[in-house]
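The values are calculated or read from the model by the stated rules, or taken from the named source; none is laboratory data. These numbers were taken from a predicted model, which means no experiment stands behind them. For neighbour counting, all protein chains shown are included, and Cβ atoms are generated from backbone atoms with ideal geometry for every residue, glycine included.
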Amino acid sequence: MQTPPQSKTDLLLQIARQGPLRARDLQRAGISRTYLTRLCDRGLLERVDRGLYRLVEGPVTENSSLADVISRAPHAVICLLSALQLHDMTSEAPHAVWIMIDRHARMPRMATPRIEVVRASGAARLHGTETRVIDGLEITITTPAKTVADCFRFRRHVGLEVALEALRDYRKNRKGTIDTLIEAARADRIYAFMRPYLEALA
């Protein structure tokens with residue numbers, strides 16, 4: 001017996017179950033954007049931001065805002081306070097999603113969630129990243145060592161006390177080796193500044 005073809009509504013909902021849904025995702029699946037309006041009117045989807053939707057009854061985790069941001073800025077890297085939270089290196093929830101983008105990249109525009117953006121290029125942007133899957137979406141985040149180095153590099157944004165606390169947590173909870181941290185600091189060109197603090201904790 002032949003399986004009946006899947007309706008476009010069912011296909012759209014299936015795509016939405018994989019994570020935040022962008023309007024352009026529908027083009028790849030051959031679905032008209034009018035289906036987004038229909039499913040929003042039926043209360044099955046909700047509009048998170050311009051061109052971004054999610055299931056109303058879908059699972060929302062404390063990290064869902066990270067997936068929302070990366071779905072709109074796929075080349076961004078989760079960093080600084082947001083990365084500290086993902087690595088369990090802070091007890092404080094950041095007031096915004098912190099991302100790093102290329103020095104020449106266009107600034108992402110979104111009404112929600114709030115974002116904080118820092119820019120870098122070369123090794124400072126590419127060194128020390130890893131991937132995780134959040135709400136079905138693969139995101140790139142800085143490693144614990146790179147996150148600590150970034151906190152020192154961008155201390156005017158996050159505060160030196162945050163950087164020092166991140167360094168203490170890195171050492172106390174053995175989030176990585178000192179050599180790995182030194183490599184990250186050199187990639188960020190911040191090793192000379194960090195060195196006295198590293199020696200104080202040795």
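Test of understanding: among Thr112, Thr90, which residue is β-branched (Val, Ile, Thr), modelled with pLDDT under 95, under 27 Å from Gly51 (Cβ atoms) and outside any strand (DSSP E or B)? Walk me through how you get there before you give the answer.
Values: Thr90 fails: under 27 Å from Gly51 (Cβ atoms).
Of the residues listed, the single one that is β-branched (Val, Ile, Thr), modelled with pLDDT under 95, under 27 Å from Gly51 (Cβ atoms) and outside any strand (DSSP E or B) is Thr112.
Just a yes or no: is a residue in the range 153-165 within 19 Å of Gly128 (Cα to Cα), over 22 Å from the mean Cα position of the chain (by Cα), modelled with pLDDT of 95 or more and not in a helix (DSSP H, G or I)?
Taking every residue of the range 153-165 in turn, none turns out to be within 19 Å of Gly128 (Cα to Cα), over 22 Å from the mean Cα position of the chain (by Cα), modelled with pLDDT of 95 or more and not in a helix (DSSP H, G or I).
Tell me the residue from Ser71, Ser121 that is over 27 Å from Asn173 (Cβ atoms), touching a strand residue (DSSP E or B) at 6+ places or on another chain (Cβ under 7 Å), buried (at least 21 other Cβ atoms within 10 Å of the Cβ) and in the same structural domain as Leu164 (by TED's automatic domain parsing), please.
Unique residue meeting the criteria: Ser71.
Going by the conditions given, is His75 within 30 Å of Tyr35 (Cβ to Cβ) and at pLDDT 85 or above? First the steps, then the outcome.
Details: within 30 Å of Tyr35 (Cβ to Cβ): yes; at pLDDT 85 or above: yes.
Here the answer is yes, as His75 does meet what is asked.
Restricting to the range 168-202, give me the number of residues that are closer than 15 Å to Phe152 by Cα and outside any helix (DSSP H, G or I).
Adding up the residues that qualify gives 3.
Given the condition without any contact (Cβ under 8 Å) to a residue 12 or more places away in the chain and within 25 Å of Ala67 (Cα to Cα), answer yes or no: does some residue in the range 136-146 qualify?
Yes, the range 136-146 contains a residue that is without any contact (Cβ under 8 Å) to a residue 12 or more places away in the chain and within 25 Å of Ala67 (Cα to Cα).
Assess whether Val97 counts as being touching a Pro at 6+ places or on another chain (Cβ under 8 Å) and not assigned by TED's automatic domain parsing to the domain that holds Ala145.
It is false that Val97 is touching a Pro at 6+ places or on another chain (Cβ under 8 Å) and not assigned by TED's automatic domain parsing to the domain that holds Ala145.
Going residue by residue through the range 127-142, is there one that turns out to be in contact with a strand residue (DSSP E or B) (Cβ under 9 Å, 6 or more places away or on another chain), at pLDDT below 95, in a loop (DSSP other than H, G, I, E, B) and at positive phi?
Checking the range 127-142: at least one residue is in contact with a strand residue (DSSP E or B) (Cβ under 9 Å, 6 or more places away or on another chain), at pLDDT below 95, in a loop (DSSP other than H, G, I, E, B) and at positive phi.
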